[in-house]
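The values are calculated or read from the model by the stated rules, or taken from the named source; none is laboratory data. Small disclaimer: the values here were computed from a predicted structure and weren't measured. Using ideal geometry, Cβ is built from the backbone for each residue, glycine included, and neighbour counts are taken over all protein chains shown.
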């Protein structure tokens with residue numbers, strides 16, 4: 001049976017990503033939606049990006065932008081996002097690429113191709129969320145990658161359930177209309193990377209080991 005899989009907030013934790021994918025064991029009929037924040041904090045951002053790109057040879061893949069990629073993409077042109085990039089783990093990312101200038105030389109096309117969201121009949125996959133009351137096509141990308149409580153503390157009225165990350169919790173958070181799957185991977189040493197999986201009528205989670 002075809003599965004749709006959401007993974008968010010990897011943050012350079014290559015070993016946890018590798019372990020999680022092994023546990024999921026994706027097939028060619030599956031779709032994995034990588035929901036942003038591939039980079040920063042963990043030591044292996046380049047390896048993470050290489051890995052998620054290689055996954056398109058195994059199954060269907062969708063690649064979304066996260067807040068850390070947004071900051072990276074604006075780090076040369078905006079002092080605020082330059083500050084965010086370097087103060088939220090950008091030094092680890094630059095080190096993994098052998099220097100800041102190599103990030104765009106190696107994976108610039110990937111970072112510039114990232115999508116704001118992925119929509120199906122049942123789900124909206126997005127990094128952080130939406131601003132309630134604004135049509136999806138009119139949403140601001142900054143909100144979609146940075147919004148927090150203004151989104152998840154209020155019920156939205158889209159027909160799809162929203163799967164999102166960005167705001168970390170100890171375990172996946174389940175509301176009637178939304179699910180958050182950021183469980184602190186990369187930010188906290190012993191926190192797992194979590195995948196949301198829909199298979200037919202079933203929804204469940206798979207996690208990497210806490211410590212790798």
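Considering every residue within segment 68-87, establish whether at least one is under 20 Å from residue 165 (Cα atoms), in contact (Cβ under 8 Å) with a residue 40 or more places away in the chain and surrounded by fewer than 24 Cβ atoms within 10 Å (Cβ to Cβ). For segment 68-87, residues under 20 Å from residue 165 (Cα atoms), in contact (Cβ under 8 Å) with a residue 40 or more places away in the chain and surrounded by fewer than 24 Cβ atoms within 10 Å (Cβ to Cβ): absent. Does segment 192-202 contain at least one residue that is closer than 17 Å to residue 19 by Cα and surrounded by fewer than 17 Cβ atoms within 10 Å (Cβ to Cβ)? Checked segment 192-202: no residue is closer than 17 Å to residue 19 by Cα and surrounded by fewer than 17 Cβ atoms within 10 Å (Cβ to Cβ). Just the residues that are over 25 Å from residue 29 (Cα atoms) and touching a helix residue (DSSP H, G or I) at 6+ places or on another chain (Cβ under 8 Å), please, taken from segment 179-212. Correct list: 185, 186, 192, 209, 212.
Within segment 37-45, not a single residue is surrounded by fewer than 23 Cβ atoms within 10 Å (Cβ to Cβ) and more than 24 Å from residue 189 (Cα to Cα).
One line per residue, one yes/no per condition, for (1) farther than 26 Å from residue 207 by Cβ; (2) in a helix (DSSP H, G or I):
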position: 106; (1), (2): yes, yes
position: 144; (1), (2): no, yes
position: 170; (1), (2): no, no
position: 183; (1), (2): no, no
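Look through 185, 180 and report the one residue that is under 19 Å from residue 22 (Cα atoms), under 15 Å from the mean Cα position of the chain (by Cα) and in contact (Cβ under 8 Å) with a residue 24 or more places away in the chain.
Values: 180 fails: under 19 Å from residue 22 (Cα atoms).
Within the list 185, 180, the selection yields 185.
Taking segment 89-112, which residues are surrounded by fewer than 17 Cβ atoms within 10 Å (Cβ to Cβ), within 16 Å of the chain's Cα centre (by Cα) and closer than 21 Å to residue 13 by Cα? Within segment 89-112, 110 is the sole residue that qualifies. Scanning segment 43-65 for residues that are part of a strand (DSSP E or B) and under 14 Å from the mean Cα position of the chain (by Cα) yields 61, 62, 63, 64. Of the residues making up segment 11-25, none is surrounded by fewer than 21 Cβ atoms within 10 Å (Cβ to Cβ), farther than 28 Å from residue 211 by Cβ and either in contact with a helix residue (DSSP H, G or I) (Cβ under 9 Å, 6 or more places away or on another chain) or at pLDDT 95 or above (or both).
Is it the case, given these coordinates, that residue 123 is touching a residue at least 60 places away in the same chain (Cβ under 8 Å), under 17 Å from the mean Cα position of the chain (by Cα) and within 30 Å of residue 197 (Cα to Cα)? Spelling it out, residue 123 is indeed touching a residue at least 60 places away in the same chain (Cβ under 8 Å), under 17 Å from the mean Cα position of the chain (by Cα) and within 30 Å of residue 197 (Cα to Cα).
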